[in-house]
Amino acid sequence: MGNTVTTPDPGLENDSRLESKDALRVVESADQTTLQDRIRLEPCTAQKPELIMFSDAEPLGTRAAVAQDPWADLRFQANLVMALPDAAIATDADYNVRLTNPAAEELYGFVAADVVGTPVMDLIRLSENPAEDRKLKKANEDVLLQNGFWSGRLRNLAANGERVDIDASATVLRDETEAMRGVLFLSRDVTPLRRAERAAQERTEFADAVLESLPGRTCVIDSQGIVVAVNRRYRNEGPAGAGEGTGPALGDDYISWLTDTMDEDAAKDFQELLAGECPDFRTEFASVRRRKRYWTELFAVPLSSGGTGAVVTHVDITARKQAESALTRRATHDPLTGLPNRVLLADRLAHALSRAARTKTQVGLLFCDLDGFRNVNNTFGHLAGDRLLVTIAKRLRAVCRSSDTVARVSGDEFVIILEDVEGRGEVEEVARRIIEALTEPVVLEQGTAKTGTSIGLVISSGVPRAGIRTVENLIRDADSAMYAAKEAGRARYSWFSPEMRERPRERPTFVQAINRLLNR
């Protein structure tokens, strides 16, 4: 290859664009004379190609060639290191400092003139314990020599005792023979970043602790209805307590699950909460596991106004619902027979009358009073009487339909509500079956008890918006008809007639009790 020189491009001498610029062109030629004649310079005798620059400040062809500065590259590299924003330290193969920049002086707290020629490892302290410090540095050096590169985060112990977080890297510098000539260390102070990371981590840990401390199975929903955080109980049990994987997990759509579990109205109300249109959302839902019903209360509050999400807590309220159910049953059912008591009877009769008026059907009412029950108590005792009442209740339920109401309203008095009856004949058929069932003797431990029943019958076409007075009057009429059946010889039924209201009453106990109950 011939010598390389730079000549002006033909035709550029008179080009106006060269007024303030250099015109360069690198050419190669094996004929030095030709090059000399063209540029009117001495022949090039250097072994390496030279770059000859022509400036437009002088006439073309009369400029002197500028020889390459052998130190230019080194000065450029040094200037580059000095201008780096990161701390830079260059060492020789023995890790002795040869060059540092101002950023390194500021980061490590030294003066460049004082550290040149000293071991670079003396500038860094990774531990207050000298042995631990040497161990950490040796481990990092082993990685550097093995891979030719090392990077990581260090905690340097500054001279004032302050810990400085540093992102550092080290690169082995090699020559053309791959021999190690030195190492370039680059460092950056990331203490503010690290503080921010630690603060963010502490906030995250605090939020997780708060989430874990919340009662029940709790999750956090974003403004789009996606689950973004859960506590341990939610993760392990799911929203309904059915176990892991039984509800929306992280990243799942909570609103879709809400729609499937409850209904679209519940999902709509929940979306209004996410949109900031309501202060909270509360509902209850039941789930069945292993043929047992479990209840969950769902309570959600927005994270803040403006529709940014919500915290949703799911609490198991099965025990509370069972207790409420037990209290309700105790208040509305007879504890001995388990039949509805007079409270529930009055409520169901009012609903039955209102429904009959709407559907154009009829309601039959049967007032039953046991015949001979006092003799059973006197002969066998009250315990035997209680067992007899339980047996009577079972027989009455067996005779009636499942949709009918069989209630115990006093010691030996029962009232039956028949809905959707077609006429008197259907009511009389039920009355006959009851008389037949209750006439059968009952075998007790103390002996065999024989009873019967007298029944008063009433039929009604219903009353719109039936209230207390309507219920009271209908029960009074059935009671009057039952009393007439007893007077007629017992073990029979009797229909109510208006003239029965004119008869003097000797036993108004139940009717008075119903009246007091409905008017309190």
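Selection of the stretch 179-236 for residues being of a type in the set (A, V, I, L, M) and within 29 Å of P102 (Cβ to Cβ) yields M180, V183, L184, L186, V190, L193, A196. State whether the residues of the stretch 325-338 include one that is in a strand (DSSP E or B), out of contact with any Phe, Trp or Tyr (no Cβ under 6 Å at 6 or more places or on another chain) and either within 30 Å of I475 (Cα to Cα) or not polar (S, T, N, Q) (or both). Yes: one or more hits. When the stretch 423-474 is limited to residues that are basic (K, R) and part of a loop (DSSP other than H, G, I, E, B), the one that is surrounded by the fewest Cβ atoms within 10 Å (Cβ to Cβ) turns out to be R465. Could you list, ordered by first residue, the pairs with Cβ atoms under 9 Å in which the first is in the stretch 119-138 and touching a residue at least 40 places away in the same chain (Cβ under 8 Å) and the second is surrounded by 14 or more Cβ atoms within 10 Å (Cβ to Cβ), at least 6 apart or interchain? Matching pairs, first to second residue: V120/I89; V120/T91; V120/Y95; V120/N96; V120/V97; V120/V183; V120/F185. Any idea which residue in the stretch 97-115 is nearest to the chain's Cα centre (by Cα), counting only those that are surrounded by 15 or more Cβ atoms within 10 Å (Cβ to Cβ) and over 13 Å from L184 (Cβ atoms)? Selected residue: L107. State all residues of the stretch 398-410 that are out of contact with any strand residue (DSSP E or B) (no Cβ under 6 Å at 6 or more places or on another chain) and either buried (at least 16 other Cβ atoms within 10 Å of the Cβ) or in a helix (DSSP H, G or I) (or both); if no residue qualifies, say none. The answer is A398, V399.
Every test in (1) crowded, with 19+ Cβ neighbours inside 10 Å; (2) closer than 16 Å to G462 by Cα is passed by D371 save one, and that test is (2). When restricted to residues that are in a loop (DSSP other than H, G, I, E, B), in contact (Cβ under 8 Å) with a residue 40 or more places away in the chain and surrounded by 20 or more Cβ atoms within 10 Å (Cβ to Cβ), the stretch 221-262 contains 4. If you check T283 against the conditions, is it within 15 Å of F299 (Cβ to Cβ), of a type in the set (S, T, N, Q) and surrounded by 14 or more Cβ atoms within 10 Å (Cβ to Cβ)? Yes: the conditions hold for T283.
Looking at the structure I just gave you, is G238 modelled with pLDDT under 90, more than 30 Å from R153 (Cα to Cα), in contact with a Phe, Trp or Tyr (Cβ under 7 Å, 6 or more places away or on another chain) and not assigned by TED's automatic domain parsing to the domain that holds L123? It is false that G238 is modelled with pLDDT under 90, more than 30 Å from R153 (Cα to Cα), in contact with a Phe, Trp or Tyr (Cβ under 7 Å, 6 or more places away or on another chain) and not assigned by TED's automatic domain parsing to the domain that holds L123. For the stretch 119-136, state whether one or more residues are at pLDDT below 85, more than 17 Å from T171 (Cβ to Cβ) and basic (K, R). The answer is yes, given that some residue of the stretch 119-136 is at pLDDT below 85, more than 17 Å from T171 (Cβ to Cβ) and basic (K, R). Any residue at all in the stretch 164-175 that is farther than 29 Å from A310 by Cα, surrounded by fewer than 11 Cβ atoms within 10 Å (Cβ to Cβ) and not aliphatic (A, V, I, L, M)? Scanning the stretch 164-175, I find at least one residue that is farther than 29 Å from A310 by Cα, surrounded by fewer than 11 Cβ atoms within 10 Å (Cβ to Cβ) and not aliphatic (A, V, I, L, M), so the answer is yes.
The values are calculated or read from the model by the stated rules, or taken from the named source; none is laboratory data. Because the structure is a prediction, the values reported are computed rather than measured. When we count neighbours, we look across all protein chains shown, and the Cβ atoms used for this are built from the backbone with ideal geometry, even at glycine.
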